[in-house]
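The values are calculated or read from the model by the stated rules, or taken from the named source; none is laboratory data. Note that the coordinates shown come from a computational prediction; the quantities given were computed from them, not determined experimentally. Neighbour counts are summed over all protein chains in view; Cβ atoms, including those assigned to glycine, are modelled from backbone coordinates with ideal geometry. The protein model used for the area step is the full one, side chains on, heavy atoms only, and it has no ligands, DNA or RNA in it. Shrake-Rupley method; radii C 1.70, N 1.55, O 1.52, S 1.80 Å.
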Amino acid sequence: MTVSRKLRAYVALMKPRIIELLLVATVPTMIFAEQGMPDFLLVLNTLVGGTLAAGAAGAFNCFIDREEDRVMKRTARRPLVTGEVTDREALVFAWVLSAVSVVWLAVGVNALAAALGAVAIFLYAVFYSIVLKRRTAQNIVWGGVAGCMPVLIGWAAVTGGLDWPALILFLFIFLWTPPHYWPLSMKYAEDYSRAGVPMLGAVSSARTVGSQVVLYAWATVICSLLLVPVGGAGWVYAVTALAAGVWFTGHSHRLHALAVAGRPTDKQAMYVFHGSIAYITVVFLALALDPFVGGPVL
């Protein structure tokens, strides 16, 4: 095996697509916390430490899920399935990334950011991957807490503490995670059933999943708007969050309507899945622009 192929395999263990999504939330949170541009070196250190922490969590998850991944079509190309990385290599890699990420955040950012990074790794690797994933259809709800940590890390990096706006952003991602992931579980229900993982889409009817997606989508949008009265967000954020929220809930309702009518849902489920990523990206971009354009709503 070539060195470049081996390196690509290690990068794949880190789940870079998830990391990209986490970083989309981190920088806008830092800008909003600063109400302007934070120090470049601080942003860089936060992103590097956050990337390493998220990569460590992803590598632990790949190691823990390796047997399930070997029977699922969706994960057939993961490095531990293809043999590009051995089990031992993956575990060592995860531990090394964990240690480096916490030290990096402690030295380059602050102690609170480092502690939050360590908590995020623990939540994803242990609380979600080991404790919840195979035991409950609500696994992604509570396991999704790990994915909310980047906003806390970003806020702590700038302010040295945690305030109500950071907690609202945390809750926003927490509520967004189910309507983001459950449509994917509808598409790959057979995969999850084969692997013995009780994702909601694999153990419940499409109608039930659709109704849950709608409820969480509405809760997500309402939570996003709380940043206006509580966090002092301005018109750019408020209008964008509302418009994007209407679009997101509309497509969630369409998914539910198809399920109620007994029509195929796979195409719309994937539309909601990908659309949820576009939705949260737009909301956080608006959050980043908000301090520079317009004024506060209240």
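Quick notes on this one:
- Tally of residues being open to solvent by 30 Å² or more (accessible area, probe 1.4 Å) and either of a type outside the set (F, W, Y) or not in a helix (DSSP H, G or I) (or both) across the stretch 16-60: 20
- The helices (runs of 4 or more DSSP H) falling completely within the stretch 88-205 that include 3 or more residues that are aromatic (F, W, Y) and within 21 Å of the chain's Cα centre (by Cα) map to 164-187.
- Flag for L41 being over 16 Å from P16 (Cα atoms) and of a type outside the set (S, T, N, Q): yes
- Number of residues in the stretch 187-216 that are hydroxyl-bearing (S, T, Y) and open to solvent by 50 Å² or more (accessible area, probe 1.4 Å): the value is 4.
- Applying the criterion of being surrounded by 16 or more Cβ atoms within 10 Å (Cβ to Cβ) and not in a helix (DSSP H, G or I) to the residues of the stretch 217-274, the residue that is modelled with the highest pLDDT is L226.
- Selected residue [at pLDDT 95 or above and open to solvent by less than 20 Å² (accessible area, probe 1.4 Å)] from A99, A114, A106, A118: A114
- Beta carbons closer than 7 Å, at least 6 apart along the sequence or on distinct chains, pair a first residue in the stretch 134-147 that is surrounded by fewer than 18 Cβ atoms within 10 Å (Cβ to Cβ) with a second that is not in a loop (DSSP other than H, G, I, E, B) for W142/L132.
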